[in-house]
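First comes the structure, then the notes that go with it.
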Amino acid sequence: MVCARILIVFLVLNLFSCQNNDAEVLHNQIMDIHDEVMPKTGEIAYLYLAFRKKVETDSTISLDQKMELLKQADDLEKAEDEMMVWMNDYISPQKMKSSKNNNQIISYLQEQKKIISNIKVHTDASLASGKKWKEMFSINN
């Protein structure tokens, strides 16, 4: 009987340990994506400013080109804003332990992983498009 109770306690503790580990794994995956995207914000800011300056100072480009550069600048700005808002709103699992159970924490982290993954996709697409426009207009660093 004592062995059965010890086995049950062991299994329950092991289950909670796995859930904590799942939360840690998800948090680390989220941080890996963050760490990949965050350094790109400098290039985003540079392109945004370069496009705005080009529109304001270059009288040789057409109205359509100006509109496209402004559209590109706005998209870059949106990508950067998404990242800043996400970083400001993100709650680490450690901070949630006192108010949420493991299932709630894991659910939150799964949603956050989707959000930061979408931010990465948007950031990468915005930068790729921005780099093409940078080349087309010979905008130098």
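The values are calculated or read from the model by the stated rules, or taken from the named source; none is laboratory data. What you see is a predicted model, and the numbers here were worked out from it, not measured in a lab. Heads up, the Cβs are rebuilt from the backbone with ideal geometry, glycines too, and the neighbour counts pull from every protein chain shown.
Each row is one residue, and each column tells you yes or no for (1) in contact with a Lys or Arg (Cβ under 9 Å, 6 or more places away or on another chain); (2) hydrophobic (A, V, I, L, M, F, W, C); (3) not in a helix (DSSP H, G or I).
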site: 53; (1), (2), (3): no, no, no
site: 64; (1), (2), (3): no, no, no
site: 68; (1), (2), (3): no, no, no
site: 86; (1), (2), (3): no, yes, no
site: 139; (1), (2), (3): yes, yes, yes
Check residue 47 against each of (1) touching a helix residue (DSSP H, G or I) at 6+ places or on another chain (Cβ under 6 Å); (2) within 30 Å of residue 23 (Cα to Cα) and name the one condition it does not meet.
-> (2)
Answer yes or no: is there a residue in the stretch 52-59 that is of a type in the set (Gly, Ala, Ser), surrounded by 15 or more Cβ atoms within 10 Å (Cβ to Cβ) and over 14 Å from the mean Cα position of the chain (by Cα).
-> no
Taking into account only those residues within the stretch 85-107 that are closer than 22 Å to residue 46 by Cα and in contact (Cβ under 8 Å) with a residue 24 or more places away in the chain, which is surrounded by the fewest Cβ atoms within 10 Å (Cβ to Cβ)?
-> 87
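Would you check if residue 97 is at pLDDT below 95 and not hydroxyl-bearing (Ser, Thr, Tyr)?
Taking the combined requirement at face value, the residue satisfies it.
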In the stretch 108-122, what residues are of a type outside the set (Lys, Arg) and touching a residue at least 40 places away in the same chain (Cβ under 8 Å)?
-> 109, 110, 112, 116, 117, 119, 122
Selection from the stretch 64-79 of residues that are surrounded by fewer than 16 Cβ atoms within 10 Å (Cβ to Cβ) and of a type in the set (A, V, I, L, M) = 67, 70
Kindly provide the set of residues from the stretch 30-83 that are of a type in the set (Gly, Ala, Ser) and free of Cβ contacts under 8 Å to residues at least 40 places away in the same chain, ordered by number.
-> 42, 45, 59, 62, 73
Give just the number: which of (1) modelled with pLDDT of 95 or more; (2) not in a helix (DSSP H, G or I) does residue 123 not satisfy?
-> (2)
